[in-house]
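One structure is given below, encoded as structure tokens.
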Amino acid sequence: MKPAAALLWVDDEIDLLSAPITFLRNKGYEVEPVSSGFDALDFLSRQTVDLVFLDENMPGMGGLATLAEIKRLYPNLPVVMITKSEAETLMEEAIGKQIADFLIKPVNPNQILLSIKKILENTRIKTEVTSRDYLQNLRALSLDIEEARTPDDWLKVNQDLIRWELQVAELKDDNLNTMLADQRKAANTRFTRFVEDNYKGWLSRKAGDRPVLSVDILDQMVLPAVKTGKPVFFIVIDCLRADQWSQFEQKLAEWYTAETKYYFSILPTATPFSRNSLFSGLFPSEIENRYPDLWSYSVENEESLNAHEDELMKEFFKRKAHSFKQDPRYFKINTANDAKTMESAIGNLIRNELTAIVVNFVDMVSHARSDMAILKELAPDEAAYRSLSNSWFEHSFLRDLLQTLSRHQVTVVVTSDHGCVRCFRGSKVAADRETSTNLRYKYGRNLNSDPKDSLIIRNPNEYRLPKLTGNTNYIIAKNDVVFLYPNNYNYFQNQFRDTFQHGGISMEEMLVPVSVLTPKNSGRS
């Protein structure tokens with residue numbers, strides 16, 4: 001019978017450890033006892049083991065010296081340091097040399113067994129426990145999806161799905177991932193019907209009588225922070241999903257206490273509409289009517305619709321009768337040079353009452369994945385897409401900026417304008433030449449599409465959307481659909497299948513995180 005694992009136990013008093021060694025052997029482990037660091041290195045030169053238990057206080061080659069040599073020769077071999085000393089400096093030195101665990105004598109057999117399982121069987125145990133827990137909760141989650149009737153119900157369903165998606169993604173279990181993907185798909189189908197039935201009604205109600213929408217974020221999240229009189233940074237990460245923020249937030253826990261909530265992006269869930277509403281506190285039709293000079297219509301260049309976020313934000317504070325000693329600053333970060341320009345001004349910005357920053361990297365990645373085969377290879381699924389954005393954040397100017405702001409005790413409000421959804425199905429649409437090009441929503445004249453796949457808006461005013469031209473219609477995609485024209489349909493279906501898009505109705509696009517980050521200890525670095 002194959003042993004559970006091969007262990008090397010190094011202790012100058014190894015003869016006194018017969019009881020725990022026998023205990024481990026009875027549990028199926030193969031244990032090799034040696035009495036010095038030199039004997040340990042000699043044994044490792046001839047045999048491979050899975051784990052080393054190493055006494056810290058030994059004559060001759062001491063424990064720390066032996067540890068350093070083991071790590072030099074076998075950097076991936078886990079080592080558990082065992083010592084009588086509880087000195088913090090010793091613990092820190094051992095940890096600095098990358099030990100896997102640290103045990104204080106006297107140790108009992110169950111402590112040793114727990115350490116082994118934690119180090120060698122962590123993945124198997126996590127897989128078994130997570131699989132068991134998910135399967136036990138499968139029916140309850142399905143029932144929550146079926147019975148969701150309110151915005152808060154759907155926010156809870158989405159957070160539960162994200163929690164399981166993040167856990168299950170670590171297990172590399174295809175069956176569990178498929179089951180969870182099916183639940184997400186079923187949830188989105190019901191969520192889309194919920195939005196169709198309720199969204200238009202929300203738009204006729206005042207804040208407080210409806211779920212929090214894009215137009216409410218400045219008023220409900222940013223303005224209260226600004227009124228404290230302390231510097232505030234308002235950071236909008238374009239196209240950031242709730243699952244991505246969950247991972248970013250974990251990396252900020254050392255520096256900030258995060259109070260994260262979720263709101264509903266307006267439709268279409270696209271930058272020209274949702275982000276303008278975010279910065280103005282107004283619905284798109286209100287922007288068009290109140291500030292026609294700040295809403296320039298261009299089918300050929302939709303990005304021109306976001307050329308005035310700075311002015312719209314300042315107009316919001318004027319309407320609220322809030323005056324600043326210095327005008328709020330605004331930065332849009334598209335390139336490394338943009339980031340350097342902003343960072344060069346950080347000394348003044350941390351004293352400014354309000355600084356707004358739009359970060360476009362996540363949105364750029366979602367678009368680039370559609371166009372570049374190499375990015376699709378790097379991020380073939382949802383988990384890999386999260387990993388890609390997580391890796392960017394870990395090494396980004398944004399992480400460094402947030403660390404700096406924490407040291408200076410600056411409050412930060414972080415949000416997004418919308419998320420994105422992974423699309424698999426094409427749906428044919430009929431339109432004329434003067435129609436916008438987005439794959440998840442379109443506006444123009446004489447638009448027609450399958451009602452099963454789209455929300456068809458004949459009267460933009462009912463949805464607080466701009467008329468743009470005299471006879472503008474909108475169609476907004478549901479679930480995982482992209483809009484394609486009949487000409488060359490199969491070609492474009494293959495091109496845009498399995499791409500991340502935004503502009504439509506799905507939980508991934510509409511349910512957006514907003515987090516107030518309060519710095520912890522200003523002395524941290």
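A few points about this structure:
- Being surrounded by fewer than 20 Cβ atoms within 10 Å (Cβ to Cβ), modelled with pLDDT of 85 or more and part of a helix (DSSP H, G or I) is a property that residue 377 lacks.
- Sub-7 Å Cβ pairs linking a first residue in segment 478-494 that is in the same structural domain as residue 453 (by TED's automatic domain parsing) to a second residue that is in a helix (DSSP H, G or I), at least 6 apart or interchain, are 478/192; 479/188; 479/189; 479/192; 482/496; 484/492; 484/493, ordered by first then second residue.
- Residue count for segment 452-477 under the criterion of being in contact (Cβ under 8 Å) with a residue 24 or more places away in the chain, in a loop (DSSP other than H, G, I, E, B) and under 19 Å from residue 432 (Cβ atoms): the result is 7.
- Qualifying residue in segment 339-348 (condition: more than 27 Å from residue 508 (Cα to Cα), in contact with a strand residue (DSSP E or B) (Cβ under 6 Å, 6 or more places away or on another chain) and either surrounded by 12 or more Cβ atoms within 10 Å (Cβ to Cβ) or modelled with pLDDT under 90 (or both)): yes
- Qualifying residue in segment 149-156 (condition: at pLDDT 85 or above and closer than 23 Å to residue 389 by Cβ): yes
- Criterion (surrounded by 18 or more Cβ atoms within 10 Å (Cβ to Cβ) and more than 20 Å from residue 112 (Cα to Cα)) met by exactly one of 8, 24, 17, 44: 44
- Out of 188, 137, one residue alone is at pLDDT 95 or above and of a type outside the set (Val, Ile, Thr). It is 188.
- For residue 250: the one exception among (1) in contact (Cβ under 8 Å) with a residue 12 or more places away in the chain; (2) within 30 Å of residue 392 (Cα to Cα); (3) of a type in the set (S, T, N, Q): (1)
- Considering segment 314-347, the residues that are aromatic (Phe, Trp, Tyr) and part of a helix (DSSP H, G or I) include one that is nearest to residue 365 (Cα to Cα), namely 316.
- Checking each residue in segment 44-79 for being under 18 Å from residue 24 (Cβ atoms) and either of a type in the set (Phe, Trp, Tyr) or modelled with pLDDT under 90 (or both) picks out only 53.
- Note on segment 80-92: among residues that are loosely packed, with under 12 Cβ neighbours inside 10 Å and either touching a strand residue (DSSP E or B) at 6+ places or on another chain (Cβ under 8 Å) or not in a helix (DSSP H, G or I) (or both), the one that is modelled with the highest pLDDT is 84.
- Any hit, segment 261-274, residues being in a loop (DSSP other than H, G, I, E, B), surrounded by fewer than 24 Cβ atoms within 10 Å (Cβ to Cβ) and out of contact with any strand residue (DSSP E or B) (no Cβ under 6 Å at 6 or more places or on another chain): no
The values are calculated or read from the model by the stated rules, or taken from the named source; none is laboratory data. Bear in mind that the values here come from a model prediction, so they are computed numbers and not experimental data. Note: ideal-geometry Cβ built from the backbone for every residue, glycine included; neighbour counts use all protein chains shown.
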